[in-house]
1. Kindly check whether there is at least one residue in segment 66-81 that is at positive phi and of a type in the set (D, E, K, R).
2. All but one of (1) under 13 Å from the mean Cα position of the chain (by Cα); (2) closer than 25 Å to residue 150 by Cα hold for residue 26; state the number of the condition that does not hold.
3. When you check residue 54 against the structure, is it out of contact with any strand residue (DSSP E or B) (no Cβ under 6 Å at 6 or more places or on another chain) and in contact (Cβ under 8 Å) with a residue 12 or more places away in the chain, yes or no?
4. Given the options 155, 140, 165, 109, name the one that is out of contact with any Asp or Glu (no Cβ under 8 Å at 6 or more places or on another chain), closer than 18 Å to residue 41 by Cβ and at pLDDT 95 or above.
5. Determine which member of the set 111, 106 is in a loop (DSSP other than H, G, I, E, B), at negative phi and surrounded by 17 or more Cβ atoms within 10 Å (Cβ to Cβ).
6. With the condition kept exactly as written, say whether any residue in segment 97-111 is more than 20 Å from residue 146 (Cβ to Cβ) and in contact (Cβ under 8 Å) with a residue 40 or more places away in the chain.
7. Can you name the condition, by its number, that residue 85 falls short on among (1) closer than 22 Å to residue 10 by Cβ; (2) aliphatic (A, V, I, L, M); (3) out of contact with any Phe, Trp or Tyr (no Cβ under 9 Å at 6 or more places or on another chain); (4) surrounded by fewer than 22 Cβ atoms within 10 Å (Cβ to Cβ)?
8. Looking only at segment 1-46, which residues are surrounded by fewer than 13 Cβ atoms within 10 Å (Cβ to Cβ), in contact (Cβ under 8 Å) with a residue 24 or more places away in the chain and not polar (S, T, N, Q)?
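The values are calculated or read from the model by the stated rules, or taken from the named source; none is laboratory data. For clarity, every value in this text was computed on a predicted model and none was experimentally measured. Here the Cβ positions follow ideal geometry from the backbone for every residue, glycine too, while neighbour counts run over all protein chains shown.
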Amino acid sequence: MFGNLTPAALIAARLGALVGTFPLVNLGGTIPTNNLGEKAVPPLGSAPSMYPTVALDFLNRNATLGTFEWRFASNSWLFQGGGNAQIFAVPGQGAGITANNLSGTCTGVGCGTGVPTASAPAAFKVSGVFFGPSGDHLGVAFGANAAGGAAAQGVQLYGPGSVRVPPGF
């Protein structure tokens, strides 16, 4: 991601003070890919979104992530909503969100150890940075790993604007 970073002081002033939950919408990003070079396919029907929803809570310093699923030809990944990423602000460096080892499930090739197509726990990581002079955009990188060596990743831009369809769909 490339853009003008939000000054850390602007986000720091909101932490522990700004009351309310502020939802952001998906503005666009990459199509998730896995370690086999496969691109994720769009969810069908009432399936979870390809990227989670994000709601910011500056008072409690967290970003709540919604449910999402990545489906590839060889494996699929499901992360249930409710995971929290911490909102941080570092003077002179910037502000963003971070979370490590949020729990999910990987099913298919490379997910479990022993049985090649087994379902296994997956660890999900999030790293994001606030963009723009008012801090109303958030660029987020998502990564997932399973015990059997499978991995997947994607990048999404969130903001207050209207929902856009990702390229390729």
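1. The answer is no; no qualifying residue exists.
2. If we test residue 26 against (1) under 13 Å from the mean Cα position of the chain (by Cα); (2) closer than 25 Å to residue 150 by Cα, just (2) comes out false.
3. On the way: out of contact with any strand residue (DSSP E or B) (no Cβ under 6 Å at 6 or more places or on another chain): no; in contact (Cβ under 8 Å) with a residue 12 or more places away in the chain: yes.
Spelling it out, it is not the case that residue 54 is out of contact with any strand residue (DSSP E or B) (no Cβ under 6 Å at 6 or more places or on another chain) and in contact (Cβ under 8 Å) with a residue 12 or more places away in the chain.
4. Numbers: 140 fails: closer than 18 Å to residue 41 by Cβ; 165 fails: at pLDDT 95 or above; 109 fails: at pLDDT 95 or above.
It is 155.
5. Numbers: 106 fails: in a loop (DSSP other than H, G, I, E, B).
After ruling out the rest, the residue left standing is 111.
6. Within segment 97-111, the subset more than 20 Å from residue 146 (Cβ to Cβ) is 97-98.
Imposing the further condition that a residue be in contact (Cβ under 8 Å) with a residue 40 or more places away in the chain reduces the set to 97.
There is at least one residue in segment 97-111 that is more than 20 Å from residue 146 (Cβ to Cβ) and in contact (Cβ under 8 Å) with a residue 40 or more places away in the chain.
7. (4)
8. Of everything in segment 1-46, those that are surrounded by fewer than 13 Cβ atoms within 10 Å (Cβ to Cβ), in contact (Cβ under 8 Å) with a residue 24 or more places away in the chain and not polar (S, T, N, Q) turn out to be 3, 9, 16, 17, 19, 20, 23.
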